[in-house]
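The values are calculated or read from the model by the stated rules, or taken from the named source; none is laboratory data. Just so it is clear, the model here is predicted, and its values are computed rather than measured. Every residue, glycine among them, receives a Cβ derived from its backbone with ideal geometry; neighbour counts consider all protein chains shown.
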Amino acid sequence: ILNVEQSPQSLHVQEGDSTNFTCSFPSSNFYALHWYRWETAKSPEALFVMTLNGDEKKKGRISATLNTKEGYSYLYIKGSQPEDSATYLCAPTPPGTASKLTFGTGTRLQVTL
Amino acid sequence: NAGVTQTPKFQVLKTGQSMTLQCAQDMNHEYMSWYRQDPGMGLRLIHYSVGAGITDQGEVPNGYNVSRSTTEDFPLRLLSAAPSQTSVYFCASSGRGLAGADTQYFGPGTRLTVL
């Protein structure tokens with residue numbers, strides 16, 4: 001079982017603020033890092049899958065970076081909107097483990113007007 | 001495509017009862033998994049399968065059985081329900097690709113209460 005830490009646990013920002021969260025994981029035995037967005041009463045939806053050190057992915061106002069050598073990934077949201085309110089989960093994957101993701105407990109983001 | 005479907009959406013059981021949570025996917029995905037979600041614990045892997053006829057345990061397998069007789073279906077069986085199994089259960093699938101780097105698609109979840 002991987003030790004995955006996400007911080008902060010929760011975050012409350014106002015509309016228009018930019019924000020970022022951290023996912024920390026063991027840098028040894030790394031293969032891929034997944035980010036998911038999970039709205040209340042819905043099921044998790046994939047945002048990004050990253051594998052390479054220095055990788056950066058972007059989807060609209062949301063972007064993520066990956067540092068496999070030090071074992072962390074950042075998720076950024078630019079100009080937060082109320083519809084960004086959700087829990088953001090990360091899941092690192094060691095090699096050869098297929099669907100066996102170990103999820104962090106997530107960062108719960110609330111964006112208010 | 002319907003994606004990943006789960007039935008039932010809600011279920012209430014009494015302690016000691018058994019039941020099967022159904023999961024099906026129509027994306028021809030090889031990998032399927034079951035997770036449970038509990039407050040403060042995030043998503044924890046119960047069992048997973050890398051293809052028909054192949055299953056393996058995840059982080060919290062006790063009290064649950066699975067089988068994978070077809071590519072499409074991956075039912076989760078509770079043999080003798082306990083209050084500690086009160087949770088929301090998610091099924092997920094991912095396609096054949098680089099192991100561990102494939103996006104997982106989640107079903108809508110089953111909310112189970114054991115009295």
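Annotations
- On inspection, B:Q11 fails the criterion of being in a loop (DSSP other than H, G, I, E, B), surrounded by 14 or more Cβ atoms within 10 Å (Cβ to Cβ), over 13 Å from the mean Cα position of the chain (by Cα) and modelled with pLDDT of 95 or more.
- Listed by position, the strands (runs of 3 or more DSSP E) contained in chain A that have at least 1 residues being more than 10 Å from chain B (Cβ to nearest Cβ) are A:5-7, A:10-14, A:19-24, A:32-38, A:56-59, A:62-67, A:72-77, A:86-93, A:107-112.
- Residues of segment B:38-53 that turn out to be facing chain A (nearest Cβ under 7 Å) and under 10 Å from the mean Cα position of the chain (by Cα), as a count: 2
- Restricting segment B:20-37 to residues that are within 18 Å of B:F10 (Cα to Cα) and within 10 Å of another protein chain (Cβ to nearest Cβ), the residue that is modelled with the lowest pLDDT: B:Q37
- Residue, modelled with the lowest pLDDT, within segment B:38-53, restricted to residues that are assigned to a strand (DSSP E or B) and under 16 Å from A:W38 (Cβ atoms): B:G42
- Residue within segment A:70-82 that is surrounded by fewer than 20 Cβ atoms within 10 Å (Cβ to Cβ), of a type outside the set (S, T, Y) and in contact with a Phe, Trp or Tyr (Cβ under 9 Å, 6 or more places away or on another chain) present: yes
- Among residues of segment A:55-70 being under 29 Å from B:E30 (Cα atoms) and not hydroxyl-bearing (S, T, Y), the one that is nearest to the chain's Cα centre (by Cα) is A:A64.
- Segment A:1-27, subset touching a Gly at 6+ places or on another chain (Cβ under 8 Å), among the hydroxyl-bearing types (S, T, Y) and over 13 Å from A:Y76 (Cα atoms), residue surrounded by the fewest Cβ atoms within 10 Å (Cβ to Cβ): A:S27
Residue-by-condition table, conditions (1) facing chain A (nearest Cβ under 7 Å); (2) out of contact with any helix residue (DSSP H, G or I) (no Cβ under 8 Å at 6 or more places or on another chain); (3) assigned to a loop (DSSP other than H, G, I, E, B):
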| position | (1), (2), (3) |
| --- | --- |
| B:T55 | no, yes, no |
| B:N65 | no, yes, no |
| B:S69 | no, yes, yes |
| B:S80 | no, yes, yes |
| B:F90 | yes, yes, no |
| B:T103 | yes, yes, yes |
| B:P108 | yes, yes, yes |
